[in-house]
Amino acid sequence: MPVSSLTDPAPEAVLKLLSTGLERGGMLTLVGECEVDYDGRASSHLPPGERLVILKPDGTLLVHQDSQRKPVNWQPPGSTHNARLDGDSLIVESVRTSPHEELEITFKTVAQASLLELDDTSGLALKGSEEDLRQRILANPDVLETGFRAMATERETVAGAIDIYGQDADGTPTAIELKRRRVGPDAVGQLHRYVEALERELYGKSVRGILVAPSVTDRAERLLASEDLEFVSLSPEQTDTSRPTNPSEYAEK
């Protein structure tokens with residue numbers, strides 16, 4: 001990973017570094033006092049302040065202040081960057097063509113500038129998602145309960161799509177609602193609507209509803225009991241799970 005870094009550089013040295021980085025397709029960072037002007041779908045002006053500016057090889061540009069997670073201004077991937085000198089000021093311009101947007105950053109001083117030639121082709125492998133939870137159950141339905149058979153995923157009803165639809169060992173239609181985190185009454189209400197929609201669709205035939213999540217709140221427990229719904233404690237990372245709990249176990253003591 002080649003890295004070129006300048007501390008308290010002259011504007012000419014920063015311009016040379018930026019030109020090299022843009023030509024090579026590197027990532028560039030600038031720290032210094034700057035003001036930012038935007039013109040496009042709207043217009044804005046950010047008065048002078050000390051900020052971090054990041055130029056990425058895909059055309060992304062980010063302007064960060066010393067607080068908050070999101071940039072105070074930015075340009076999306078596909079933008080074109082260039083730099084020039086105007087007297088003692090360094091000006092960085094970024095242009096997006098569709099829709100047309102321009103961002104101009106004027107540096108009065110630059111405290112630090114770096115060119116980072118990164119080698120990173122890896123994609124993010126998201127773990128612990130609801131899809132992971134779904135795949136866990138589809139691969140081994142017994143983690144839900146013995147004899148469960150999945151018949152469809154994202155089964156449409158008038159109330160929305162059911163995460164997993166299937167039958168238990170006795171052939172009873174079963175709606176499974178998946179949540180990757182601890183949930184409250186809203187998730188129970190969602191499952192209840194799915195069960196009601198299925199029962200209407202199946203002409204009154206009894207339908208089981210099982211909420212699958214790592215845990216539920218006390219209010220959710222009480223609502224599960226009152227709606228005759230069930231709960232399985234299971235998360236994408238777990239190796240074991242409990243069987244569906246009898247709704248009567250959720251009654252207040």
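Here are the numbers for the structure shown:
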quantity: Mean Cα-pair separation over length for the chain, i.e. relative contact order, pairs under 8 Å, 6 or more apart, %; calculated: 15
quantity: Per DSSP, loop trypsin sites (Lys or Arg not before Pro) in region 1-102 with at most 16 further Cβ within 10 Å; calculated: R41, R69
quantity: Residue-count net charge about R134 - beta-carbon cut-off 12 Å; Lys, Arg +1, Asp, Glu -1; calculated: -3
quantity: Part-to-part distance (alpha-carbon centres) for region 3-56 and region 92-121, which is given in Å; calculated: 5
quantity: Alpha-carbon spread of region 66-202, three principal axes, descending order, Å; calculated: 82, 32, 28
quantity: 0 to 90° range, to nearest 10: angle between helix 130-139 axis and the chain longest Cα axis; calculated: 40
quantity: Selection of chymotrypsin sites (Phe, Trp or Tyr not before Pro), region 131-232, meeting DSSP coil and at most 12 other Cβ within 10 Å; calculated: Y203
quantity: Prolate/oblate/rounded call for region 1-124, Cα gyration tensor, a/c under 1.5 rounded; calculated: rounded
quantity: Stretch gain in nm, segment S89-E104, where the contour uses 0.36 nm per residue and the Cα spacing is subtracted; calculated: 4.2 nm
quantity: Between helix 11-24 and the chain: long-axis angle, C-alpha atoms, 0 to 90°, nearest 10; calculated: 50
quantity: Quotient of Cα Rg and 2.2 N^0.38 Å for region 150-192, N being how many residues it contains; calculated: 1.20
quantity: Residue-normalised accessible area of the chain, expressed per residue, 1.4 Å probe, Å²; calculated: 56
quantity: The chain: Rg to Rh, with Rh as the Kirkwood radius over Cα pairs; calculated: 1.24
quantity: Estimated [θ] at 222 nm from DSSP helical runs (n ≥ 4, -39500 (n - 2.57)) normalised by residues in the chain, nearest 500; calculated: -6000 deg cm²/dmol
quantity: For D39, net neighbour charge (Lys/Arg +1, Asp/Glu -1) across residues whose Cβ lies under 15 Å away; calculated: -4
quantity: The chain: angle of helix 185-201 to the longest principal axis, Cα-based, in degrees nearest 10; calculated: 60
quantity: Region 131-172: C-alpha pair distances exceeding 14 Å, %; calculated: 47
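The values are calculated or read from the model by the stated rules, or taken from the named source; none is laboratory data. Note that the structure is a prediction, hence the values are computed from the model and not measured. Neighbour counts run over all protein chains shown; Cβ positions are idealised from the backbone, glycine included. Surface accessibility is based on the protein's heavy atoms, side chains included, excluding ligands, DNA and RNA. Shrake-Rupley method; radii C 1.70, N 1.55, O 1.52, S 1.80 Å.
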